[in-house]
Amino acid sequence: MIRSSAGVLCAVAALSGLLAVPARAAGVPVTPTDAKVFVAGKAIAFERLGIAYGDPVAPAGDAGIRAMLAQVQAQINWQPGTRFAVVTRADGVLITLTLGSNALSVDGRPVAMPFAPFYRGADLYVPLLPLARSLQLGVRGFKGGYVFVPQVLTITAHSDAHRTVVSMTTSAPAAYRTAFDPKHGVLSIMFPGFGTDALGTLPLSGRDGTDVRTTQDGPPGFPTTTVAIGVKHGIHFAAHRVDGALAIDAVLARSDAALHLDDSTTAVGHVTRTVQGTAATATVAPATASPSGAPSPTALRTQAPSSAAVAVQTAHPVYIPRPTATPTSTPAVGPMPTPTPRATPTPTSSPAVSPSPGSSPGSSAAEPTELGSPSPTPTPAEQRITDVSVTDIPNGGTRLTLTLTGSPVSFEWHRLADPDNRYWLDIKGVTLTGPSQTLTSGLPFVKEIHITQFQVDPERIVRVAIDPTQAIDVNVGPVAQSGNQMGIEIERTPPQDDAPRAGVGTIAFATVQATPVPRTPTQRDLVVIDPGHGGNDPGASNSAYGLIESNLTLTISLKLRDALRRLGWRVVMTRDADYEVGDPKGDDHQELQARCDVANAAGARVFVSVHINASVAHSLNGTTTYYWRPADKTFAQAVQDAVVLADGINNAGVKRNNFYVIKNTTMPAVLVETAFLSNTHDAELLTRSEFLDKLAQGIANGIMNYTGGPQAPL
Amino acid sequence: MIGPRLRAWLPIAAVLAAMVAFTPGCSRKPPPVSQPPNGHITVDFVDAGTEALAPVDYSVDPNLQGSQLADYAVTQLLAGPATGRDTIVLFPQGTTMDVSVTGDTATVNIAGPLVKGYQGGADDESAMFKSLTYTLTNISGIARVQVLVGGEKRAALSGGHLELDEPLTRETFAQ
C-alpha cells in the first residue's frame, strides 16, 4: 500500500521532472544549501547537500547519506567511478540508483524519479526524496528543510480458534513502547517518531479483542503512532518482536500457552512482556522495548518510560497531518462498529501543529510547518457530500449522517466555552451537493444545525455548525455497516470542564471486504476448511432425527481435516468447535467475512465450506456443490463428482450461487451441501458416522483430483 | 424507530436528497417506471430444488405505478399462490416487506422472522430471493433489488448464505 502510493508520487514526480528537465549526465547545476534534514527525529549533517532541479541531492559518498541511512538501519555501497549506488534497506531489499537512469530499482522493480543520478566531479549525486520514499519514509517539507519520517506500514489482524494476532510492520526498526489500561482493557503499542497512513479502526473478528484503533499525534516531523488494541475481559496478551525487528506481533489469547507464536511464525528477538491474569485486572509495569542493535535516536531518549507509559487511554488522541500518500491509497482500516471514535481533543491553540515538548527533532525543526513536499504532490481527490440524514441514537441524542463519495476526509472541530457552547466542524476538501441546509431540531438542547459550503478557495470546506442551548458532547466517526458515511453524534452529556475545545481528525472508509487482511501468497500445501454455521447460529435442523447442521458440518469437517492430513496437506479450520468465527455480537458481515479472512490471510490454495442442505420440499435429497466465480466451476465439479461417488446418494448437481464465503475468498472456493437433513432418506444416513466418513473422504478426493495433491512450498 | 422530534427533520433531508438527485450537472435520470401492460403483473414463484420459475399473473389497477406497483407485487409474492404451494419456496410466515423504487433499484426492507435469523437450507434461501428479484424486475424500469433486513443493509441473513449487501439482479441467479 505504501509502496504503491509512493510509486504514484514518484511517477507524478517523474512525469513533471521529465517534462521540465531533460536527463543530463553532466553539467547539472547544483546549488549548495543549508537546508536541514531530519530522519527519524535526528538532524543529519551533510558535507555537500545541494539543490538540483529544485530537489535536494547529495553525493552517494557523503557522510550525511550514510548517517541518514543508519537512522533506519540501511546502508549504502558505492565505489568512486562506478555507475551504481546500492542501498540495502533494513528488511534486506536492495535499492539501486544508476547513473543517468530516471528510475531507481527497488527489489528489482523500477520506480520513477524526477531526474537521474549524475556525476559532478568525482561525486555521484543522488536525489534524496526518491531515496527516502524507497526507504518507505514519509517525506515532508518544512520552512527550513526536509523531514523523513519512518512509517508504521501495515496493521493487520488475524484470528483463529486459539488466538488473535495483530501484526504491525514498520519501515525501520522501532523502539516501541507498550502500555495497558486495565480500566478500559486497552493494550497500546506506541511508536515514537513513526507516522502512518494506516489510521482508523480495524474490527477484530475473533473472541479475544474488540478492535484496533490506530492514531497519530505529535508534530508532523516527529509524530507518534499509537496502535490501541481493545482486549476482552479475561484475555491474556503479549507483544513479540518478529522478523528482524521490522514487525511486532501483539498476541491475544485465552490461555498463556496460546500466547506463544507457533512454528509458522519466525519469532526473533524477545518477548517484551507477557501479562498473566485477566484483561480487566492485569497490572503492567511500564516497559520500553528496544531492539537489540537498533539505533537509539536521540529524540527517543526524551521519551523515557514513566507513568505516562501506562496512561489510561480513554480518549484516542488524534493528530493527523495531511497524508503524505496519495488519497487513492486505501488505509488498512475497516469501518468502525459504531461512531464512537471521538474527534479528539488534541489540546492545542493551533490545530495544524500539536507541540509535544521533549519530542521535537531539533530546535530549528521544533515546529515544522506544512509547506508540502517540495516535489510535485498530487492534490487529494475532492469528495462530495451527497446526502444528509438524521436518526435517533440511545441516550436521547441524535446522529447526523453525511454520505460522502469517498475518503479520506480530514476535519477540524471547535467548540466555544459554556455558556455559548456553539460547536462547528469543518470538513476539508469536500463539496456540499445542493444548497446550504438549516435543520431545525426537535431536540430540546439543540436549536439549529447549519450545513454550508463554508469555503471554496483555496480549499473547499463544508461546515457543520451546531447551535445548542446547553453544553453538548459531539462524536465523529464512520458509520457502521456503511462504506461511505460519516456520523456526527450529538449528546446532551456535557464535556468535562477541562476538555479540549478544538481538534482535528481524518476519516477513512474501507469496506470490510476491501482490506480486511492482506492476501498471503498461496501456500501450495494448505487447505482451509469452513464448517458451516456454529455458535449462536445452528443452521438448519431436523428434530425427528436429532440433527443440527452446525454439529454435522463440524463433524464432517474434522474428518475431512484428518483425511487431508493423511494425504500430506496442511489444514486450517475456520472453527474447530462450536463457536462463532466472528464477533458473536457482531453482524453477519463480520461472521461470514471472518471466515473469508481466515482463508485469505492463510493463503489457502483452496477453500471448502461444508454445509447440510434443507428444504421445505421434503422430497429433495442428495449432494450439491456451489461455486460463484466461473473459474471455480471445475473445482466444484471435481468435488461434486468425488462426493457423489463416495456417498452414493442423489447427484443434485453443481450450481452457481452468490454465497458470501465463496464470493469473498480469494482462492478457488466451493460450498458443499452434502445432503438434505430435511429428507428422510438423507437424514437417516446423516445419523451414521460411516456416512459422514464417506462425505469427508469424498470431499478430500475431490480436492486431490482438482489440485493434483499438495505441493512443497516454493 | 424514529421519534416525533425527527419528523420535522426528515422532509428537509428528503428535500436535500431530492436536490442531490436533480442537481444541475447530474444528468442521470431514473428510467420511467411504466404502467403494467393490460393491467397485469407477473409474480415469479420459484420451485424448490429445481429453482425453476413458477409464474403467476395477477390483475392490477392500471393506475398503480412505481413503489405502489412494486408493493402490490411483493404483497402477492408473500401471500403465495392459491395452488401448488407444496413445491415452491415462500418467505416465512410473518414476513413483511416495504418497497421503494429509486431509479432502476427497488429497495426492499424485510421485517419479521428473518430479521432474527434464518434456519433453512441454502437452496431455499436462494429460491426465496430469486423469486423476489424476478418478481420485482418483471416491472418495467426495475433492474436491481437491494435488500435491507430490519432497516439495515446486511452481508447476509443471520444463519444465511446468500450475500445481500449488494443489489440482486437476474444475473445473480444465472447459472
Most packed first (mean Cβ within 10 Å per residue), the peptides A:613-619, A:104-110 order as A:613-619, A:104-110
Dividing the mean separation of Cα pairs under 8 Å (6+ apart) by the residue count of the range B:58-125 yields a relative contact order in percent of 28
Here the whole-number average of other chain Cβ atoms within 10 Å per Cβ of A:648-661 is 4
Of the listed links A:LYS655/B:LYS153; B:LYS130/B:LYS153; A:LYS232/B:LYS153; A:LYS42/A:LYS232; A:LYS559/A:LYS633; A:LYS663/A:LYS694, those spanning more than 29 angstrom between alpha carbons are A:LYS42/A:LYS232
Most packed first (mean Cβ within 10 Å per residue), the peptides B:53-62, A:152-161, A:62-71 order as A:152-161, A:62-71, B:53-62
The ³J(HN,Hα) series, computed from each phi in the range A:456-469 with the Karplus coefficients 6.51, -1.76 and 1.60 at θ = phi - 60°, rounded to the nearest Hz and given as x for glycine or proline, is 10, 10, x, 9, 6, 10, 9, 10, 10, 10, 10, 10, x, 9
Using alpha carbon centers only, the range A:533-585 is separated from the range A:400-434 by a whole-angstrom value of 47
Between A:GLY61 and residues 5 or more places away or on another chain, the pairs with built amide H atoms under 5 Å apart involve A:LEU124
Given unit charges at Cβ for Lys, Arg (+) and Asp, Glu (-), the dipole magnitude of the range A:65-222 about its Cα centre in debye, nearest 20, is 340
Ignoring ligands and nucleic acids, chains A and B bury, in total, an accessible area (1.4 Å probe) to the nearest 100 Å² of about 3900
1/(1 + (r/R0)^6) with r = Cβ-Cβ of A:ARG109 and A:GLN711, R0 = 30 Å, i.e. FRET efficiency to nearest 0.05, evaluates to 0.65
Toy charge model, Lys and Arg Cβ at +1, Asp and Glu Cβ at -1: the range A:126-201 dipole around Cα centroid in debye, rounded to 20, equals 220
In the range A:25-152 the DSSP beta bridges are antiparallel at a rate, in percent to nearest 5, of 90
Each residue of B:157-168 has, on average, a number of other protein chain C-beta atoms within 10 Å of its C-beta equal to 6
Sorted on mean Cβ neighbours within 10 Å (highest first), peptides A:621-634, A:673-686, B:103-116 come out as A:673-686, A:621-634, B:103-116
Residues whose modelled amide H sits under 5 Å from the amide H of A:LYS655, counting only those 5 or more places away in sequence or on another chain, are A:THR625, A:TYR626, A:TYR627
Between B:GLY151 and residues 5 or more places away or on another chain, the pairs with built amide H atoms under 5 Å apart involve B:ILE110
Magnitude of the Cβ-charge dipole (Lys and Arg +1, Asp and Glu -1) of the range A:576-666 about the Cα centre, nearest 20 debye, reported as 520
Partner shielding of A:663-669, as the mean number of partner chain Cβ atoms within 10 Å, equals 1
Filtering chymotrypsin sites (Phe, Trp or Tyr not before Pro) in the range A:382-475 by DSSP loop and by at most 15 other Cβ atoms within 10 Å leaves none
Calc'd 3J(HN,Hα), the range A:152-166, phi into Karplus 6.51 cos²θ - 1.76 cosθ + 1.60 (θ = phi - 60°), Hz, glycine/Pro = x, comes to 7, 7, 9, 10, 10, 9, 9, 10, 10, 5, 9, 7, 10, 10, 9
In the range A:556-714 the DSSP beta bridges are antiparallel at a rate, in percent to nearest 5, of 25
With x for Gly and Pro, the residue-by-residue ³J(HN,Hα) of the range A:658-673, computed from phi through the Karplus equation 6.51 cos²θ - 1.76 cosθ + 1.60 at θ = phi - 60° and given in whole Hz, is 8, 6, 4, 6, 8, 8, 9, 9, 9, 10, x, 9, 9, 10, 9, 9
Restricting to Cα pairs under 8 Å and 6 or more apart, the percent relative contact order of the range A:106-252 works out to 20
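The values are calculated or read from the model by the stated rules, or taken from the named source; none is laboratory data. As the structure is a computational prediction, the values presented were derived from the model and not from experiment. As a convention, Cβ positions derive from the backbone with ideal geometry for all residues, glycine included, and neighbour counts pool all protein chains shown. Areas reflect the complete protein model, heavy atoms only, side chains present, ligands, DNA and RNA absent. Shrake-Rupley method; radii C 1.70, N 1.55, O 1.52, S 1.80 Å.
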